[in-house]
1. Based only on other Cβ atoms within 10 Å, what is the fewest-to-most ordering of 107, 332?
2. Identify the trypsin sites (Lys or Arg not before Pro) of segment 251-345 meeting these criteria: DSSP loop state and at most 13 other C-beta atoms within 10 Å of the C-beta.
3. Which ³J(HN,Hα) values in Hz, rounded to whole numbers, follow from the phi angles of segment 581-597 under the Karplus curve 6.51 cos²θ - 1.76 cosθ + 1.60, where θ = phi - 60° and Gly and Pro get x?
4. Along the Cα→Cβ direction, 7 angstrom out, place labels at residue 512 and residue 577. What is the inter-label distance in nm?
5. Given axes a ≥ b ≥ c from the Cα gyration tensor, I'd like to know whether segment 29-143 is rounded (a/c under 1.5), prolate (a/b larger than b/c) or oblate.
6. Would segment 265-419 count as rounded, prolate or oblate if I go by the C-alpha gyration tensor, calling it rounded below 1.5 in a/c and otherwise prolate when a/b exceeds b/c, oblate otherwise?
7. Based on the Cβ-Cβ distance from residue 612 to residue 333, what FRET efficiency comes out when R0 is 60 Å, to the nearest 0.05?
8. Can you sort 740, 498 so the residue with the fewest Cβ neighbours within 10 Å comes first?
Amino acid sequence: MTMRRRRSPLLLTVILAGLLAAGAGQATDASFLLTATAKALGNYFPGQLGNGFFSTLTSPRGTEGNLAYMIGFMDYAEGDVSRPAAIPGWTAIDYSTGPSHAGQFWLNQVDVNAARFRDYRQVLDMYDGTLTTRYRYLDGARSTDVRVVTLVSQASPHLAANQLTITPDFDGEVQLSFALDLWAPHQPRFALAKLDGPQMQEAVAANNLKFEAVPPDVPDRAPLWYHGYTHVLAADGDTQALTLWLDGKAEQGAGMAEAVAVALPAGMRPRDAKLHRSDYKLSLELRIEVRKGHSYTFTKFVAASRERWGGDAKQDLALATAARDAGFDALLARQRDAWHTLWQSDIAIDGDPKAQQIVHSDLYYLLINAAPGTNWPIGACGMTPGYSGHVFWDSDTWLFPALLLLHPERAKSLVMFRSHTLPQAQQRAKTRGLRGAMYPWEADPDNGSSQTPHFAWVLDEREIHVNADIAIAQWQYYLATQDRDWLKRHGWPVIRAIAEFWSSRATYVPATQRYEILHVTSVDEDYNDVPNDTFTNASAQKALQIATRTAQLLGETADPQWSRVAAGLLLPYDDKAGHHLDFDASVPHDINSWGGSSLPMLSNPSLDLPMDVQTRRRDYAYAIAPITQSSRDPNSMGLMPLSIAAATAGDSEAAGDWFQRNITANVLKPPFNVRTETATNNTGYFATASGGLLQNILYGFTGLRLDENGLTQAYAPMLPPPWKSFTLKHINLRGRYYDITVRRAADGRPELVRHAL
């Protein structure tokens, strides 16, 4: 029961002031604001705006035509792997100070520098979900104050808008261009579905390309991770109605549509309006008269859709014009309300402003790439070409648990993807002579087909722990929701099929009377053909145990072989030293690999292999040496397992140190905290690592684990040294909401307090 008290007039005044500030777009908490000033322009790494269904990148001026993507919208070019098809860019609003002005340039064509762009400031407001850009633009003797506000609507997910306000210091005629950018096919394209490793390297070199990161925003694998192509099938516009529309289709893929409705200042009529159409641009070109010191606001309302999500261009045009009729303020108000509702579920840190801001940016990037109420997943790099938009175990083990307690409706989409694509996984197992379902290493986010490049085929065949990861995630969703109907209809078929896979994939060895899993690629992928990878075997064991338990819950028949294999699976262990091994003792552990050791992942919250604390300590001590001694660039996704493994071993100091590396390491690109996979490779929007950092707090620092009893305290909570407390706000567990706080007790030790809402 929630206690209600009468509010005092003073309290009502404070609340009203807060509401007015929010209504004016003033985020009261600076941890929700990421700011770029002129100093950031030299190393500006684009951020993202999105709503889980479609997204766009940011750019310094706020008016550029930026690459944009849509959920599961893929290009299937012959011979290539699937890749995200860039939809026509919708953000461009270009501005010229007038044809009669001798020094005139188009705004989007000039270099962004301090000489032309004075008093520059761009703010990504994660609380409101808006990007606001301000500067004074100098074009020869003329100057213009510019303000741009961009949003992708959380409240109306087919809608977005870009609003430009200009205040010129001159009288005269100016030009404006409202465009949809029609991207050319990317060149060169490589037949990644056919090329082996050496052939791929040769093809890249033959095109005078290199795998080198170019600061600030080009990844080292940009020659391979390029966007796919959208064919524009039909496009037109209306200069009287100030509208644009188009229908398109991804290369051998799904259809899509976009539409634009432009709003002019009240009472304004352009001197001239033309429709421009070419292979690369569809735009409305306007000439208008302006007066010195007057402000003029132009808004570009955008609607987008694709097959399985929305309608065609005609319907999008109706949406865009309806949004224009309602006005930008109404769209912005609904955007703020929707985002503020999302932020009711949050992680609040007292005592570490930098960590708080990074937590907010990590959660923000997950939210703009996760769609509620669908069966679409999150790629390792979200809605970007990173890793070609493909779905790995990252979706189930790194991203899903980070969303599960805070935003279960978005986490559900990730497990529904595996249910939706079960038939493809079953067919893959069948073609290999195995039972059940064998999910691919790299799955297409729309249809679930295997899209692993040929040069990485070994991962598709041998890094099979992904199958256990999927079953564990299905079970975790049930544990968090107790939705038995969902479990029976969706979770159980996936769990059962994966158990059948493992029981047929494991080999019984009479000499040892154990089951072994041979020819696998370890999580530490430099070991690509080993027997009995410990993480794989432990994960398979848990998947089999989950299948037996699920059958019991649902009154289904469990195959007795599942229990036999689970009980008999070999988990490599050094009896003398008293710790687990990374894999079979017959394989030397002597490669200077990027991972160093996969043993810390045995403590991942969703797996959490049962063992006593002494074994955890010995496992951690054994694993840490090759990790710290490796000369390889550390991968940002590996920091979460290290911190949580240290926490489970009772080493709170080491747990805090590994977490701090996730805060201070150069994997956060300015100015918008975009995570990269490593400090040097510029592989941006690495959502996997964002999920890892959030799990570090949700489960690592709290010591909480999901089981059939709910959230159970597995070990004592901890606080990093500068933190006074932290609170998991508005946690959703089995339909009830909680705040969970870790704070220092009177004796100085961290304690966990739960409060039902």
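We did not get these values from a lab; they are worked out from the coordinates using the rules stated. Keep in mind that this is a model prediction, so the values were computed, not measured. All Cβ positions, even for glycine, are placed from backbone atoms using ideal geometry, and neighbour counts span all protein chains on display.
1. Fewest-to-most ranking of 107, 332: 332, 107.
2. 271, 291, 292
3. Those phi angles translate into 9, 5, 7, 3, 4, 6, 9, x, 9, 9, 8, 7, 9, 5, x, x, 6 Hz.
4. 1.7 nm
5. Taking the square roots of the gyration eigenvalues as a ≥ b ≥ c, segment 29-143 is oblate.
6. Cα axes put segment 265-419 in the prolate bin.
7. 0.60
8. 740, 498
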